[in-house]
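The values are calculated or read from the model by the stated rules, or taken from the named source; none is laboratory data. Please read all numbers here as calculations on a predicted model, not as lab measurements. So basically every Cβ, Gly included, is an ideal-geometry build from the backbone, and we count neighbours across all protein chains shown. Just so you know, the surface numbers come from the protein's heavy atoms only, side chains and all, with ligands and any DNA or RNA stripped out. Shrake-Rupley method; radii C 1.70, N 1.55, O 1.52, S 1.80 Å.
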Amino acid sequence: MNGPEIHVEFAPELHLFVPRARPTGAARTATDGVSTLGHLVESLGVPLTEVGTLLVDGREVPPGHVPAGGESVRVRPVQQPQRVPGAPLRFLLDVHLGTLARRLRLLGVDTAYESTDLGDPALAALSAAEKRVLLSRDRGLLRRRELWAGAYVYSTRPDEQLQEVLDRFRPALHPWTRCTACNGLLRAAGKEEVAEQLKDGTQRSYDVFAQCTACGRAYWRGAHHEQLEAIVERAVSRSTEGG
């Protein structure tokens, strides 16, 4: 692209997407009088899912603004907590975020996830069809136009990933209400209803069970319950502190 240049300054939170803008967070790019500001920002490396306010010479503009040479642009990050209008808040995670998916389900957050790779077009289409926020570390996937909504997951550590999502979106938490395997809702179940899934030791040691209404999987307070309880307690405490 050859043409007059604009000056683009990125907020510190967005510097990781724009290596050419380091260390100052500023870059220059050419305009062609046709491409939108949103397209130019993405061409520099920042998915629009991560962009909040766009300011041109101090005034707020939409991503569809067509910049003219000499303009000065400031790109701000998404404001937190981020509100997603138009549908109940629910998520879709790509194949690389399985642990995060299970932890969100543990907290009762509606989270779609498939352990097989559906491919970028199918994921984006599913996000649009079910009005789910797509969470991914794939910047190319987050730039797909058919997405309903999306968010980049910055950390590679599940604990930090979970906190990112909770801080950014502040979803309502309903721990112990969803199946971590399939996202179905749980109901209380008698021991006799889930007996086929229990080993002898479990039958003798536990009396309180839940069962997924979708896939039938049984749940009880087993050996890993304390670890899961700690995850829930941290999340609920942080959510309460954040208002």
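Percent of accessible area on the chain owned by carbon and sulfur, 1.4 Å probe?
49
Which is the longest run of the chain containing none of the trypsin sites (Lys or Arg not before Pro) found in DSSP loop states (not H, G, I, E, B) with at most 11 other C-beta atoms within 10 Å?
Between exposed loop sites, the widest span is 1-82.
I'm spelling it out carefully: the read-out is mean projected area of the Cα convex hull in nm², the candidates are (i) 15.4; (ii) 13.3; (iii) 12.6, and one was derived from this structure. Which label?
Here the calculated entry is (i).
In square angstrom, what is the accessible area per residue of the chain with a 1.4 angstrom probe? Could you put the intermediate results ahead of the total?
Values: 12820 Å² over 243 residues.
The answer is 53 Å² per residue.
Just to confirm the number: angle between the C-alpha axis of helix 120-130 and the first principal axis of the chain, 0 to 90 degrees, nearest 10?
70
Please work out how much accessible surface THR177 shows to a 1.4 Å probe, ignoring ligands, DNA and RNA, in Å² rounded to 10.
50
Output the 0 to 90 degree angle, nearest 10, between the alpha-carbon long axis of helix 225-241 and the longest principal axis computed from the alpha carbons of the chain.
Helix 225-241 sits at roughly 40 degrees to that axis.
Would you work out the relative contact order for the range 81-147, in percent, from Cα pairs under 8 angstrom that are 6 or more residues apart?
So the answer I get is 37 percent.
For the residue pair GLU226 and ALA125, what label-to-label distance in nm results when each label sits 7 Å from Cα along the Cα-to-beta-carbon direction?
4.8
Just to be sure I understand: with springs between alpha-carbon atoms less than 10 Å apart, which residue in GLN211, GLN82, GLN227 has the highest mean-square fluctuation in the Gaussian network model of the chain?
GLN227
For the chain, find the longest principal axis of its Cα atoms and tell me its angle to the long axis of helix 158-169, 0 to 90°, nearest 10.
With rounding to tens, the tilt is 70 degrees.
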